[in-house]
């Protein structure tokens, strides 16, 4: 599994489809679940938890008039996290649907990315 495989799930699913479909697809779903969770927790949510650092050369107490204003860097970061989490939420749903189309009916209950989608919903809520 390479980074390209994670960034192009449809291509990866096509490759998997031509191999041992059931076992490989189930394993692939496990890999996607793992990395979606890591991405949501360790990248998106973690970036929202960082404390704002004052601009270089300026102490945080230099200008009291900006204390009530939003920090532009924090707003930009929140927008980035919000957009990325919404994209991942949509893409995870599409990925789940594609996997369910390609796996045996008996295994479809095991193909769920709901927990991962819930994590991206939490990212959206936190960034809003």
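The values are calculated or read from the model by the stated rules, or taken from the named source; none is laboratory data. These numbers were taken from a predicted model, which means no experiment stands behind them. Please note: Cβ atoms are built from the backbone with ideal geometry, for glycine as well, and neighbour counts cover all protein chains shown.
Right, residue 7: more than 19 Å from residue 94 (Cβ to Cβ) and at pLDDT below 65 or not?
Here the answer is no, as residue 7 does not meet what is asked.
Hey, among the residues in region 58-106 that are part of a helix (DSSP H, G or I) and modelled with pLDDT under 80, which one's nearest to the chain's Cα centre (by Cα)?
The extreme case among them is 66.
Can you give me the number of residues within region 76-118 that are free of Cβ contacts under 8 Å to residues at least 12 places away in the same chain and either in contact with a helix residue (DSSP H, G or I) (Cβ under 7 Å, 6 or more places away or on another chain) or buried (at least 16 other Cβ atoms within 10 Å of the Cβ) (or both)?
So the answer is 2.
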